[in-house]
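The values are calculated or read from the model by the stated rules, or taken from the named source; none is laboratory data. Predicted model, so just to flag it, every value in this text is computed and none were measured. Heads up, the Cβs are rebuilt from the backbone with ideal geometry, glycines too, and the neighbour counts pull from every protein chain shown.
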Amino acid sequence: MNVLCRVFTSSRVLSSNFTFSFSQIPNKTKKTLPEKRRLSQLVCVRAMATEKQKQHGQPAKNMSWKKLHNSLAQITNPPTSFGKVALITGGDSGIGRAVGYCFALEGATVAFTYVKGQEEKDAHETLQMLKKVKTSDAKEPIAIPTDLGFDENCKRVVDEVVNAFGRIDVLINNAAEQYESSSVEEIDEPRLERVFRTNIFSYFFLTRHALKHMKEGSSIINTTSVNAYKGNASLLDYTATKGAIVAFTRGLALQLAEKGIRVNGVAPGPIWTPLIPASFNEEKIKNFGSEVPMKRAGQPIEVAPSYVFLACNHCSSYFTGQVLHPNGGAVVNA
């Protein structure tokens with residue numbers, strides 16, 4: 001990625017005021033060499049933050065930090081390949097397709113799911129698109145037909161991806177469905193269960209199975225919606241699931257922080273996807289997106305870079321439990 005840079009820290013940092021080496025890590029920690037190296041970096045950074053620094057007046061001058069900064073890290077050329085294995089649900093069209101496309105461009109190996117019996121044409125087109133743009137070091141993309149609303153199906157998807165690629169580095173929970181209704185009285189139990197199974201149950205199911213094959217540095221990204229923050233009277237059950245996804249993202253981020261697995265979300269605003277003509281009447285489709293400050297609906301490709309950013313450890317290593325808002329300028333509060 002052109003916007004990325006890598007920061008490498010040495011196992012021993014030397015400056016006029018501070019030194020650190022592996023010997024300062026107690027043996028009782030029983031850390032492996034890579035773990036000790038990572039720990040040494042954290043200790044170095046912490047020492048940088050806590051070491052006494054004097055600035056005489058404002059504004060503070062960066063020159064006093066320069067020597068320490070240069071001894072800690074060096075900026076090198078960005079990596080030329082993402083090199084990750086990504087599983088994207090609902091990846092045959094819309095935002096999911098755009099995310100898969102951007103990931104493939106960055107060198108990721110992509111697997112995606114689609115609805116069996118309903119989305120074969122879209123899935124085939126997406127698969128061909130991914131094959132055309134994939135990098136030489138990425139493996140062939142795969143498309144997996146399934147109904148994600150059930151635990152056994154989600155486990156089967158994860159097993160298929162792991163059997164093909166050996167691991168999962170990025171899990172993108174994106175599949176969703178929505179239906180309009182003017183009153184909560186119209187939402188019966190079968191519909192409520194259907195929407196919740198697809199939109200939030202699947203996030204739990206896939207995550208619990210995928211985690212067995214994810215390691216430190218892996219990432220989970222959940223698609224929520226601007227509706228979780230501002231509400232939507234005609235998409236009540238859908239909006240409720242999107243609010244649940246925000247809470248799920250924040251809680252899971254806290255749970256997995258110690259494992260070094262980051263969990264974040266993306267809350268798109270009005271985006272042109274197949275869900276729009278499938279859900280709304282002609283008048284709503286005509287005015288779709290006009291309510292945001294930018295006065296237009298967004299395109300899936302305008303949302304996809306948010307996922308690339310959150311999946312990239314070089315860009316977003318300090319992001320977890322957060323939600324990005326590509327929504328055309330709507331101001332939302334957490």
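From the list Asn222, Asn232, which one is assigned by TED's automatic domain parsing to the domain that holds Phe204 and free of Cβ contacts under 8 Å to residues at least 40 places away in the same chain?
Asn232
Just give me the residues in segment 289-334 being touching a helix residue (DSSP H, G or I) at 6+ places or on another chain (Cβ under 6 Å), surrounded by 16 or more Cβ atoms within 10 Å (Cβ to Cβ) and either part of a loop (DSSP other than H, G, I, E, B) or of a type in the set (Gly, Ala, Ser) (or both), in sequence order.
Ala304, Ser316, Thr320, Gly321, Pro326
If we keep just the residues of segment 105-128 that are among the aliphatic types (A, V, I, L, M) and not in a helix (DSSP H, G or I), which is surrounded by the most Cβ atoms within 10 Å (Cβ to Cβ)?
Looking at the filtered set, the residue picked out is Val110.
Which one is farthest from Asn264 (Cα to Cα), of the residues in segment 306-315 that are touching a Ser or Thr at 6+ places or on another chain (Cβ under 8 Å) and at pLDDT 95 or above? If you could, list the steps in order and put the result at the bottom.
As a first pass, look at segment 306-315 and keep what is touching a Ser or Thr at 6+ places or on another chain (Cβ under 8 Å): 309-311, 313.
If we keep only those that are at pLDDT 95 or above as well, we get 309-311.
Details: Phe309: 11, Leu310: 7, Ala311: 9 Å.
Per the stated criteria, the residue is Phe309.
Could you tell me whether segment 129-139 includes any residue that is in the same structural domain as Gly231 (by TED's automatic domain parsing), closer than 20 Å to Thr273 by Cα and buried (at least 20 other Cβ atoms within 10 Å of the Cβ)?
yes
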